[in-house]
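Just so it is clear, none of the values below were taken in a lab; they were calculated from the coordinates. Worth saying up front: this structure is predicted, and the values here are computed from it rather than measured. Don't worry about glycine lacking a Cβ; one is built from the backbone with ideal geometry, like all the others, and counts go over all protein chains shown.
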């Protein structure tokens, strides 16, 4: 049992407006209490401001609430965005999203740092400078809004635990935290088992013959982990599988999360549509590894 909420996501882009309230009630009926204010919802709120009130009412009517959030992501939305004009828009969009999640009572937002291969003509050093600049501007906004900004481990060089810890050292404020992603960590720890693993190509872009494999991603990140994305994979692709349908050591992960001093919530990032699993099955899988929350 964890003394923090366990939140669930869904691929709402595959759900019609008419069906969405039914889905939310079904989720509640199978034991879900808390939801992720997902990148899908945030993207739609940015395009249709009135959707904020629609989704708030649907969620409340189902007896659910939003606890954590994930910003929309991609080359022109991530912190390493290298185009000057697009960078300005990226900062403004992320500041607006921080304000939106605060207005909706959500206390954390996960924002991607970005993957270096998206900007092939820009050096790693310059991209790191862009990330520093983004953090400085977005952390200021997050602090004003009372929102913790969480940066996530990914299998690219810009988002290794070593890099996350370097950013944290430069910005020691409690407004900056980490989002531990179990699937991404598994790729970096066990991707060596197959040359087909996506990690090899990611690091080859930067001229590495072989990735710098990690031993224990969560242990390195643990003091600053505020939220986490839990899902499984085979260390070859980022599949967002059901827990137990991959090679993640769940006994070790759960034991370590119990020791995370800043942990505010745990998120299921299993993708039900992609992996053809029901909400009931996903909830049972989390309960089966001891991930039950308030």
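Miscellaneous remarks
- When you count the other C-beta atoms within 10 angstrom of each residue and take the mean per peptide, 51-57, 248-254, 155-161 line up highest first as 155-161, 248-254, 51-57.
- Inter-label distance, nm, simple model (7 Å from Cα along the C-beta direction), residue 117/residue 237: 1.5
- Global geometry of region 70-115, whether rounded, prolate or oblate, following the gyration tensor of its Cα atoms and the 1.5 cut on a/c: oblate
- Helical runs (DSSP H, four residues minimum) scored at -39500 (n - 2.57) apiece and divided by the length of the chain put the mean residue ellipticity at 222 nm at -12500 deg cm²/dmol.
- Contour minus Cα-Cα distance for residue 262 and residue 205 (0.36 nm per residue): 17.1 nm
- Nearest-0.05 FRET efficiency for residue 56 and residue 13, computed from C-beta distance (R0 22 Å): 0.70
- Hydrodynamic radius by Kirkwood, which averages 1/r over all alpha carbon pairs of region 39-170, in angstrom: 15.4
- Inter-site label distance for residue 173 and residue 86 at 7 Å from Cα along Cβ, in nm: 2.6
- Against the rule of thumb 2.2 N^0.38 Å, how large the Cα Rg of the chain comes out: 0.96
- Taken along the Cα-to-beta-carbon direction at a fixed 7 Å, the label points for residue 22 and residue 133 span 4.9 nm.
- Directionally averaged projected area (region 132-241, Cα convex hull): 7.1 nm².
- Value of relative contact order over region 6-288, rounded to a whole percent, pairs C-alpha under 8 Å and six or more apart: 17
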